[in-house]
Amino acid sequence: MLLGGPGLYTGPMSDDGIRIDYALAMEDGSSSGLTTAELEAEAPAFERGLRRVLAEAEGGRLGFWTLPDDHIDLEKVLAFAKKVPATIRDVLVLGIGGSSLGGRALVEALGPAFPDPDARRIHYPDNSDPWRLVGLLENLDPKGTLVLVISKSGGTVETAAQLLVVREWLNAAGAPMKDHLVAITDPAKGLLRELADAEGLRSFDIPSNVGGRFSVLTPVGLLPGALAGLDVAGLLAGAKAMRDRCARTELQANPAGVVAALHVLHHRLHGRPIHVMMPYADALRGYANWFVQLWAESLGKRVDRQDRVVETGPTPLPAVGATDQHAQVQLFMEGPRDKLITFVALAEPLAHRTIPKEEGPYAYLGGTDLAELLDFERRATALALARDGRPSLTLTLPRLDAHHLGELFFLMEAATAIAGELYGIDAFDQPGVELGKRLAYGLLGREGYEDAADEVQELERGLPSHRV
């Protein structure tokens, strides 16, 4: 089967890694695309930004860049996973945001659509809404469950609350903490590190120079993946291969540079602040959600590096093809012209099923592979958007395996870092979420946050009454 098409990609791919086709994001592929001059003019800023990123990584301040080389952590993860007894049938991962989305995306992408009934199951309750967690605790066997509690700071309130509930559940069943609870946290500080050390829990480190949303290639993602029997070594190898490509100083030879520049320029020069991540693979639904947090929390900033108020940042939007052709694509086609769409395609589909031939109104479908139909729909959508001056680019994976998923993770992490440089902001902090946390601590009555409790009361008293 030959997948691809004009302006996207053609023919069978060599296994040189992920390909980025951006003809439909340029003026000669879409009437409202970037001009060659606009892209070339960004090259000096890209090179300065890349050099800054590389210098920060070399100085040990930007840890995600060197994670593909961390063989010690990989060996620890693999050794631990190998020793977990077969009686452990379920893994319960307690974490939220960057402590959950990456590992969940990894497990969903590389795991089977319907696991063997005897295979170990990985669960991500994620939110503090008790609905899913309570359902899990009512149906899992505590003595057959390993709990991973993940928090870089150790103070994440949602994770702390889940931990207390799950510890009570384990204790009630007589399941020893040392055998059933593993902490993944900062190597030296934080409440979870204190707890792990005090109770002698097995623990894994999130490097202090790696933020949560960049942590999928640490034990945050690697340990759940290894416990699910996935090829986490291949994941790191793919990330390393992509990192080598992303260190190139020529803009149009650097995959992360191209992705970052396209998005920033479409936003800054052409009024496209909405960036859609739309994989045409059900297995990558979780990846699209991971991208949303990475892009939003990194690039949505009030001030730039010079503390000037800029209130900049794109709005990432997840979509899945072909599902969202029957949901969001109407908006993409006829709504505001404020979006740049990134399609993700697989050159080698995960599964095949030929549509049977029949006479009648559906005869035209007969003999077509379902995977081929999906790819036709992607190509048609991209070309229809381009014809109406709505730009897109396509990332094509030779296949969805650990190596290429590792490439895909690292590509967008590097693109995020470079985009931060092009925007002139710090992509590695998140001050905008701190006020909400402080006010929540005030409501909970946490010691030291009494002023926050007073502030909540004052804010709520000042609200006008508009109700129905």
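The values are calculated or read from the model by the stated rules, or taken from the named source; none is laboratory data. The model shown is predicted, which means the values in this text are computed figures rather than measured ones. Glycine gets a Cβ as well: all are built from the backbone with ideal geometry, and neighbour counts include every protein chain shown.
Could you list all residues from the range 361-407 that are part of a loop (DSSP other than H, G, I, E, B) and of a type in the set (Ser, Thr, Tyr)?
So the first thing to find is which residues in the range 361-407 are part of a loop (DSSP other than H, G, I, E, B), and the list is 361-362, 366-368, 388-391, 400-401.
Within the range 361-407, Tyr362, Thr368 qualify.
Determine whether Arg390 is under 28 Å from Thr315 (Cα atoms) and touching a strand residue (DSSP E or B) at 6+ places or on another chain (Cβ under 8 Å). Reasoning before the result, please.
On the way: under 28 Å from Thr315 (Cα atoms): yes; touching a strand residue (DSSP E or B) at 6+ places or on another chain (Cβ under 8 Å): yes.
When the stated conditions are applied, Arg390 passes them.
Within the set of pairs 6+ apart or on separate chains, which have a first residue in the range 380-392 that is among the aliphatic types (A, V, I, L, M) and at pLDDT 95 or above, a second that is part of a helix (DSSP H, G or I) and buried (at least 24 other Cβ atoms within 10 Å of the Cβ), and C-beta atoms under 8 Å apart?
Ala382/Leu24; Leu383/Leu24; Leu385/Leu24; Leu385/Phe332; Ala386/Leu24
Scan the strands (runs of 3 or more DSSP E) fully inside the range 92-209 and keep the ones with 1 or more residues being touching a residue at least 12 places away in the same chain (Cβ under 8 Å), surrounded by fewer than 19 Cβ atoms within 10 Å (Cβ to Cβ) and assigned by TED's automatic domain parsing to the domain that holds Leu222.
Values: elements: 121-123, 145-150, 181-185, 202-205.
In the range 92-209, the matching strands (runs of 3 or more DSSP E) lie at 121-123, 202-205.
So is Glu358 of a type in the set (D, E, K, R) and free of Cβ contacts under 8 Å to residues at least 40 places away in the same chain or not?
Details: of a type in the set (D, E, K, R): yes; free of Cβ contacts under 8 Å to residues at least 40 places away in the same chain: yes.
Criteria met by Glu358.
Among all residue pairs at least 6 apart or on different chains, which show Cβ distances below 9 Å where the first residue, located in the range 269-281, is under 16 Å from Leu331 (Cβ atoms) and the second is hydrophobic (A, V, I, L, M, F, W, C) and in a loop (DSSP other than H, G, I, E, B)?
Matching pairs, first to second residue: Val276/Ala319; Met277/Ala319; Met278/Ala319; Met278/Val320.
Keeping to the range 307-325, report how many residues are over 20 Å from the mean Cα position of the chain (by Cα), under 18 Å from Pro431 (Cβ atoms) and touching a residue at least 40 places away in the same chain (Cβ under 8 Å).
Qualifying residue count for the region: 2.
Can you list residue pairs whose Cβ atoms sit under 7 Å apart, with the first residue in the range 440-466 being closer than 25 Å to Thr156 by Cβ and the second being of a type in the set (Phe, Trp, Tyr) and part of a helix (DSSP H, G or I)? Count only pairs 6 or more apart in sequence or on different chains.
Tyr449/Tyr441; Ala452/Tyr441
If we keep just the residues of the range 298-315 that are closer than 16 Å to Ile418 by Cβ and not polar (S, T, N, Q), which is surrounded by the most Cβ atoms within 10 Å (Cβ to Cβ)?
Pass one, the range 298-315, residues closer than 16 Å to Ile418 by Cβ: 298-299, 301, 304-305, 312-314.
Imposing the further condition that a residue be not polar (S, T, N, Q) reduces the set to 299, 301, 304-305, 313-314.
Numbers: Leu299: 25, Lys301: 23, Asp304: 16, Arg305: 13, Gly313: 22, Pro314: 22.
Restricting to residues being closer than 16 Å to Ile418 by Cβ and not polar (S, T, N, Q), the top hit is Leu299.
Output the qualifying pairs, or none if there are none: Cβ atoms under 9 angstrom, residues six or more apart or on different chains, first residue in the range 239-250 and in the same structural domain as Gly406 (by TED's automatic domain parsing), second residue among the hydroxyl-bearing types (Ser, Thr, Tyr).
So the pair list comes out as Arg243/Thr66.
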